[in-house]
Amino acid sequence: MNKMALLAATSIAALLSVNAAAFAQTQGGTIDVATVGEPPTLDPMASTADLVGIISQHMFETLYTFDAKWGATPLLAAELPTISEDGLTYTIPLRTGIKFHDGSVMTAADVVASLQRWTRIATRGKQAAEVITSIAATDDATVTITLSAPYAPLVALLSFNNAAAIVIPAANAEQDPLETFVGTGPYKLQERVPDQYIQLVRFDGYQSLGGEPNGYGGARNQYLDEIRFVPVPDPSTRIGVAMAGQYDYVDQLPVESFQQIADGATDPVLLAPFGWPMFVMNTKEGLNSDIRNRKAIQAALAPEDMMLAAFGSDDFFSVDGAWYPDSFVWHTDAGTEAYKPMGDTEAAKALLAEAGYDGSPVRILTSRQYEFHYKMALVAQAYLELAGFKVQLDVVEWATLTTNRADSALWDIYITHSPFLPEPSLNAVMSDASPGWWVSEAKHAAVNAFNAESDPAKRIALFAEVQKVIYDEAPSYKVGNFNALAAQSSELDGVTPAPWPYFWNAYVTAP
């Protein structure tokens, strides 16, 4: 094990052991959490931005969530759904007596209205809507979802905090955009001052599940009085405030600052591996609606140099074209022969010539709030220009990027990243409605077969076909695998390292 891997394991193990041994949790206190910027919305149905999910998961809840082993577990549902033998009917019993922040009690009518809104406006809801024929209240404490075809990812989609199937009062479900931020979560919105802070306070009417905490599931204890999320968009500033101990938790630090953080006033938290950066192609209109241009970009990019520029040392990344690392059951090398660590400039030039490239610039939409995105964009620009492309970098605030990517007229590539998700169909590229708007017969054949299969072993084999189509049609380009770094005060306890950090169960200890 190399030095950084050992430090990462030690850091996370130490936090986990403290969590397991914590007996002196006390109620009270306020924490300040530094985030990468201002979220574009607080409506988790309306956005796939991780930042939105990180904040809103404290306010809103879904029927299911993920446990520590990434299995689906009940949250607002009383238990996992009963699924009919033909796989077409999901019967979901609800927990009773659950209160919303406005004091009203959740019923099946609220759940139905919420899920119907989800299928209208959320990208992952639209994904599920393709096979949902009805969502109905059987009684006040039971909801039935009927499908036109078996759909294995449904419970995972209902569990995810990203484009999330949150439950809100039925009276609010007609709002688009959401204007009344009333959920069932352990914390409620007190005040939002744009570009300054989002203040959440304890919801005294919250009813936690019993038992022990279990990943995002299990008990959600409200030890803290208040959580304030503060946008700190400049990465260098985030490093500085982490080293100085100005915040209780600092998210999304450049991983190459690990030693600086370790030598400073807060403790580093390294998740290894965390996820993967990606270049999403606009297949709907413009330059990349031509598959030959997308294939030329795929050939031109040099992931090894991009990852090195972004993360500085291979202690923090690996160059790997498989969409999942070999520690996941979904790992496959299918299609990865198209992934060239140092690119293939000559092949890219030939594909451009075949496409009759007219010299229009490739517009790359990126942000410096995730500095590694910007560094990858600079390297990508050099390699694309070497292959014969003109390149235009559009560098904007992250909130602006998440807005602009919804307009297909504004970009050809946007840069983003994702943790490794437990269900492949949670990845945005699997949805026709997600920005990028990849639609093809080959995609539908592979994805529909994967989604319709309930047998886990058969699904693993079918995912290989999905990955092959992704490489064949190049709607998205995976750059590699990377680690993520955060910083945590030694006076903040009870935080379990997680891709989307959460602060129920967290508490403040005496210095």
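It is to be established whether one or more residues within region 368-378 are of a type in the set (Gly, Ala, Ser), touching a strand residue (DSSP E or B) at 6+ places or on another chain (Cβ under 6 Å) and buried (at least 17 other Cβ atoms within 10 Å of the Cβ). Lay out the reasoning, then the answer.
As a first pass, look at region 368-378 and keep what is of a type in the set (Gly, Ala, Ser): 377.
Now drop any that are not touching a strand residue (DSSP E or B) at 6+ places or on another chain (Cβ under 6 Å), which leaves 377.
So of that shortlist, the ones also buried (at least 17 other Cβ atoms within 10 Å of the Cβ) come out as 377.
Yes.
For region 301-314, which residues satisfy the criterion of being in contact with a Leu (Cβ under 9 Å, 6 or more places away or on another chain), part of a loop (DSSP other than H, G, I, E, B) and surrounded by fewer than 20 Cβ atoms within 10 Å (Cβ to Cβ)?
If the condition is that a residue be in contact with a Leu (Cβ under 9 Å, 6 or more places away or on another chain), part of a loop (DSSP other than H, G, I, E, B) and surrounded by fewer than 20 Cβ atoms within 10 Å (Cβ to Cβ), then 314 is the only one that fits.
Identify all residues within region 179-219 that are hydrophobic (A, V, I, L, M, F, W, C) and in contact with a helix residue (DSSP H, G or I) (Cβ under 7 Å, 6 or more places away or on another chain); write none if there are none.
182, 198
Residue-by-condition table, conditions (1) touching a strand residue (DSSP E or B) at 6+ places or on another chain (Cβ under 9 Å); (2) among the aliphatic types (A, V, I, L, M); (3) assigned to a loop (DSSP other than H, G, I, E, B):
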site	(1), (2), (3)
437	no, no, yes
444	no, no, no
458	no, no, no
464	no, yes, no
485	yes, yes, no
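Can you tell me which residue is surrounded by the fewest Cβ atoms within 10 Å (Cβ to Cβ) among those in region 331-367 that are over 19 Å from residue 290 (Cα atoms) and of a type in the set (Gly, Ala, Ser)?
The selected residue is 334.
When only residues in region 217-238 that are of a type in the set (A, V, I, L, M, F, W, C) and surrounded by 21 or more Cβ atoms within 10 Å (Cβ to Cβ) count, which is farthest from residue 507 (Cα to Cα)?
Among residues in region 217-238 that are of a type in the set (A, V, I, L, M, F, W, C) and surrounded by 21 or more Cβ atoms within 10 Å (Cβ to Cβ), the one farthest from residue 507 (Cα to Cα) is 232.
How many of the residues making up region 69-125 are under 13 Å from residue 138 (Cβ atoms) and of a type in the set (S, T, N, Q)?
Result for region 69-125: 4.
Looking at this structure, is residue 163 within 27 Å of residue 399 (Cα to Cα), outside the structural domain of residue 57 (by TED's automatic domain parsing) and either out of contact with any Pro (no Cβ under 6 Å at 6 or more places or on another chain) or surrounded by fewer than 22 Cβ atoms within 10 Å (Cβ to Cβ) (or both)?
So residue 163 does not fit the description; no.
If we keep just the residues of region 239-257 that are surrounded by 19 or more Cβ atoms within 10 Å (Cβ to Cβ) and assigned to a loop (DSSP other than H, G, I, E, B), which is modelled with the lowest pLDDT?
254
Any idea which of 197, 151, 216, 206 is in the same structural domain as residue 500 (by TED's automatic domain parsing) and touching a Lys or Arg at 6+ places or on another chain (Cβ under 6 Å)?
Checking each option against the conditions leaves just 197.
Looking at region 450-469, which of the residues that are closer than 17 Å to residue 87 by Cα and among the charged types (D, E, K, R) is surrounded by the most Cβ atoms within 10 Å (Cβ to Cβ)?
459
Can you find, within region 470-495, the residue that is nearest to residue 297 (Cα to Cα) among those that are crowded, with 20+ Cβ neighbours inside 10 Å and of a type in the set (S, T, N, Q)?
The qualifying residue nearest to residue 297 (Cα to Cα) is 476.
Just give me the residues in region 266-306 being over 20 Å from residue 353 (Cβ atoms), among the aliphatic types (A, V, I, L, M) and touching a Ser or Thr at 6+ places or on another chain (Cβ under 8 Å), in sequence order.
269, 270, 278, 280
Every residue in region 187-216 that is of a type in the set (Ser, Thr, Tyr), in contact with a strand residue (DSSP E or B) (Cβ under 7 Å, 6 or more places away or on another chain) and surrounded by fewer than 20 Cβ atoms within 10 Å (Cβ to Cβ), please.
If the condition is that a residue be of a type in the set (Ser, Thr, Tyr), in contact with a strand residue (DSSP E or B) (Cβ under 7 Å, 6 or more places away or on another chain) and surrounded by fewer than 20 Cβ atoms within 10 Å (Cβ to Cβ), then 197 is the only one that fits.
For residue 286, which of the numbered conditions (1) at pLDDT below 95; (2) at positive phi fails to hold?
(1)
Which condition number in (1) at pLDDT below 95; (2) touching a Lys or Arg at 6+ places or on another chain (Cβ under 8 Å) is the one that residue 34 fails?
Here residue 34 meets the rest and fails (1).
Of the residues 220, 192, only one is of a type outside the set (Val, Ile, Thr) and not in a loop (DSSP other than H, G, I, E, B); which?
192
Mind checking whether some residue in region 263-286 is assigned to a helix (DSSP H, G or I), of a type outside the set (A, V, I, L, M, F, W, C) and not assigned by TED's automatic domain parsing to the domain that holds residue 61?
Looking through region 263-286, none of the residues is assigned to a helix (DSSP H, G or I), of a type outside the set (A, V, I, L, M, F, W, C) and not assigned by TED's automatic domain parsing to the domain that holds residue 61.
State yes or no: is residue 94 crowded, with 21+ Cβ neighbours inside 10 Å and either farther than 23 Å from residue 132 by Cβ or aliphatic (A, V, I, L, M) (or both)?
Working: crowded, with 21+ Cβ neighbours inside 10 Å: yes; either farther than 23 Å from residue 132 by Cβ or aliphatic (A, V, I, L, M) (or both): yes.
Spelling it out, residue 94 is indeed crowded, with 21+ Cβ neighbours inside 10 Å and either farther than 23 Å from residue 132 by Cβ or aliphatic (A, V, I, L, M) (or both).
Name the single residue, out of those in region 265-298 being surrounded by 24 or more Cβ atoms within 10 Å (Cβ to Cβ), over 20 Å from the mean Cα position of the chain (by Cα) and among the aliphatic types (A, V, I, L, M), that is nearest to residue 496 (Cα to Cα).
297
Return the residues of region 182-207 that are under 13 Å from residue 57 (Cβ atoms) and aromatic (Phe, Trp, Tyr); say none if nothing qualifies.
Residue satisfying the conditions is 187 alone.
Could you tell me which of the residues 108, 152 is more than 20 Å from residue 222 (Cβ to Cβ) and either in contact (Cβ under 8 Å) with a residue 60 or more places away in the chain or not small (Gly, Ala, Ser) (or both)?
152
Taking region 119-141, which residues are surrounded by fewer than 17 Cβ atoms within 10 Å (Cβ to Cβ) and hydroxyl-bearing (Ser, Thr, Tyr)?
133, 134, 138
The values are calculated or read from the model by the stated rules, or taken from the named source; none is laboratory data. Because the structure is a prediction, the values reported are computed rather than measured. All Cβ positions, even for glycine, are placed from backbone atoms using ideal geometry, and neighbour counts span all protein chains on display.
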